[in-house]
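*Asks:* Sharing a structure with you now.
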There are 2 protein chains.
Amino acid sequence: MPVYQPSDMRVTQQSAAATHTADCVIFGFAEGDLRVLLVRRAIAPFAGYWVLPGGAMGAGENLDATARRVMSELVGVRDLYLRQIGTYSDPDRHPVRRVVTTSYYALVRPEHHAPTARDYLTEARWFSIPDVPELGFDHSRLLTDAHARLTLHLRTRPLAFDLLPARFTLSEVHRLYQEILGETLDRRNFRRKLLSYPFLIETNQKRQGVKGGPLLYRIDRAALDRELA
Amino acid sequence: MPVYQPSDMRVTQQSAAATHTADCVIFGFAEGDLRVLLVRRAIAPFAGYWVLPGGAMGAGENLDATARRVMSELVGVRDLYLRQIGTYSDPDRHPVRRVVTTSYYALVRPEHHAPTARDYLTEARWFSIPDVPELGFDHSRLLTDAHARLTLHLRTRPLAFDLLPARFTLSEVHRLYQEILGETLDRRNFRRKLLSYPFLIETNQKRQGVKGGPLLYRIDRAALDRELA
DNA sequence: ACAAAAGTGTTTCTCTTACACCCATGA
DNA sequence: TCATGGGTGTAAGAGAAACACTTTTGT
């Protein structure tokens, strides 16, 4: 009886018949606050509970593809910022059968794809983070973990631009960061840091309808991707 | 036909019968270099290839428990530093059946548990990182990712002490960091930083057999855990 | 005694933080 | 014209980086 077995050798022996799903923590930024997209379950278990949107991994796709599919079905976007957070596998996390879930977080612009508008149809809604109720399954935990990861990433890398429209003012970025991080940031210091980024490009347009006539900026996407690599 | 479906609703529909395994990237530090524990496959696929040790998730355990079990069977340790890295799910990553793997990295002290000694039995061996051959499956990728994550963590948090014996000299920590990060670190600056940690405790013993007669230090484990929390 | 490694402080520089007034636009 | 938000610079402090000689021990 060999003591050490490569991963494949145990597969049949103790394998648990688990379904694998990808659950998405989709963050958006609207009307000055950070929101997350939740869906409401119509069936047991956790009927009536709000949960993270998710779906089972298909035969020909990996989990990233599953997450993208879920997102595109739900908010109709592709090519967004998507990132794997972690895998949750407690045996009893699903009360009926064994389900292992890998969570992702995504950043989108809610005003571009508004499942809120189809609320009556879909039971999908944006929630401000403080308003999120207790979720079904262990999804409150997944949400907390994803939010923690998002703030961590935000503190270390300039990746919040996926939450903003293509053209934005520096004040909008400022408010976004303050909202997500939950703290006030010195305006001048923040602007200086932003302006030091090579991927931030000043347009010569101004935002209309706002006092002070703030300049609009846009992102050089290629340069940003280089920065994040 | 509802457009949005909570995760549970799709489970039966497109579920792929995937086995779920935990694969462990076990790092150790011996004779001045960073090593990783690999096992050799005896059977197809990838017979003769070195791979990361792993095992299938059991019915009553979560993946963390699986990883711990694999580790304890392999190197006979419990209570080590273990951390989930990511989940790999490409449909063809296993040439025979569908296997989804969650990878973990762990830090141990090779001299305390030496699978190398039982080499003839086990086909388990410590490899210096530069000597690692091309691995079976996608394990080269898992190893690369885990190593990247380890260096990232090491740069931000003082967690390398699980790789060292209970009592160690500051020079040993210094060499460890240099080895893992792959760069030289100023000795005085490094010592100053180490000495500023409240969990580092000076013993009044000196290491024998080493010129200079360096002082031995130990870790206040509770204080360290507080620091890492 | 000599070779090798341990131990020790100070200066410079960079980055972060704190802070207040003028300007442009909309109402 | 006035109220609101946008735009700008400088000084102090904290943390990181650079740098060389003396002490201890083994051989």
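*Asks:* Computed on protein heavy atoms with a 1.4 Å probe, what is the summed buried accessible area for the chain pair B and A, in Å² to the nearest 100?
*Replies:* Rounded to the nearest hundred, the buried surface is 4400 Å².
*Asks:* Could I have the simple spin-label model distance between B:ARG167 and A:LEU80, label points 7 Å from Cα toward Cβ, reported in nm to one decimal?
*Replies:* Output for this residue pair reads 5.8 nm.
*Asks:* I'd like the orientation of helix A:63-75 relative to chain A: the angle between its Cα long axis and the longest Cα principal axis, in ° from 0 to 90, rounded to 10.
*Replies:* Once rounded, the angle reads 60 degrees.
*Asks:* As I understand it, the value is the acute angle between the Cα axis of helix A:139-156 and the longest principal axis of the Cα atoms of chain A; what does it come to in degrees, rounded to 10?
*Replies:* 40 degrees
*Asks:* Moving on. Projecting each Cα onto the charge dipole of the protein assembly as shown (Lys/Arg +1, Asp/Glu -1 at the beta carbon, about the Cα centre), which of A:GLY76, B:GLY48, B:ASN189 comes out farthest on the positive side?
*Replies:* The residue sitting most towards the positive pole is B:ASN189.
*Asks:* Right, here's the next one. How big is the dipole moment of chain B about its Cα centre under a simple scheme where the beta carbon of each Lys and Arg is +1, that of each Asp and Glu is -1, and everything else is neutral? Debye, nearest 20, please. Show your work: numbers first, answer last.
*Replies:* Values: 31 positive and 26 negative charges, 142 e Å.
Approximately 680 debye in magnitude.
*Asks:* Pull up the cross-link candidates among the lysines for A:LYS211, meaning alpha carbon to alpha carbon under 26 Å and not fewer than 8 places away within one chain.
*Replies:* Candidates past the 8-residue exclusion: A:LYS193.
*Asks:* I'd like the antiparallel share, as a percent to the nearest 5, of DSSP beta bridges with both residues in the range A:16-156.
*Replies:* 70 percent
*Asks:* Let me ask something else about it. Just to be sure I understand: of the beta bridges DSSP finds with both ends in the protein assembly as shown, what percent are antiparallel, rounded to 5?
*Replies:* Details: 55 of 75 bridges.
Of all bridge pairs located within the protein assembly as shown, approximately 75 percent are antiparallel.
*Asks:* Also, quick follow-up: Calculate for the protein assembly as shown the 222 nm mean residue ellipticity that helices alone would give, adding -39,500 (n - 2.57) per DSSP H run of length 4 or more and normalising by residue count, nearest 500 deg cm²/dmol. Please list the in-between numbers first.
*Replies:* Working: 14 runs with 136 residues, N = 458.
Mean residue ellipticity at 222 nm (helix-derived): -8500 deg cm²/dmol.
*Asks:* If the elastic network links every pair of Cα atoms under 10 Å, which of B:LEU194, B:LEU150, B:LEU63 fluctuates the most in the Gaussian network model of chain B?
*Replies:* Maximum fluctuation in the GNM of chain B, among the listed residues, is at B:LEU194.
*Asks:* Can you give the angle from 0 to 90° between the axis of helix B:170-181 and the longest principal axis of chain B, with both taken from C-alpha atoms, to the nearest 10?
*Replies:* Roughly 30 degrees, rounded to the nearest 10.
*Asks:* Quick one: plug the Kirkwood hydrodynamic radius of chain B (C-alpha pairs) into Stokes-Einstein at 37 °C, 0.692 mPa s, and report D in µm²/s.
*Replies:* On the way: Rh = 19.6 Å.
Value of D from the Cα-based Kirkwood radius: 168 µm²/s.
*Asks:* If you count only protein heavy atoms with a 1.4 Å probe, what accessible area per residue comes out for the protein assembly as shown, rounded to a whole Å²?
*Replies:* Ligands and nucleic acids excluded, the figure is 48 Å² per residue.
*Asks:* Please name whichever of B:LEU143, B:ALA59, B:PRO91 sits farthest to the positive end of the charge dipole of the range B:17-155, dipole taken about the Cα centre and charges placed at Cβ: Lys and Arg +1, Asp and Glu -1.
*Replies:* Towards the positive end, the residue furthest out is B:ALA59.
The values are calculated or read from the model by the stated rules, or taken from the named source; none is laboratory data. Everything numeric here is computed off the predicted structure, so don't read it as measured data. Glycine gets a Cβ as well: all are built from the backbone with ideal geometry, and neighbour counts include every protein chain shown. In case anyone asks, the SASA skips ligands and DNA or RNA and just uses the protein heavy atoms, side chains included. Shrake-Rupley method; radii C 1.70, N 1.55, O 1.52, S 1.80 Å.
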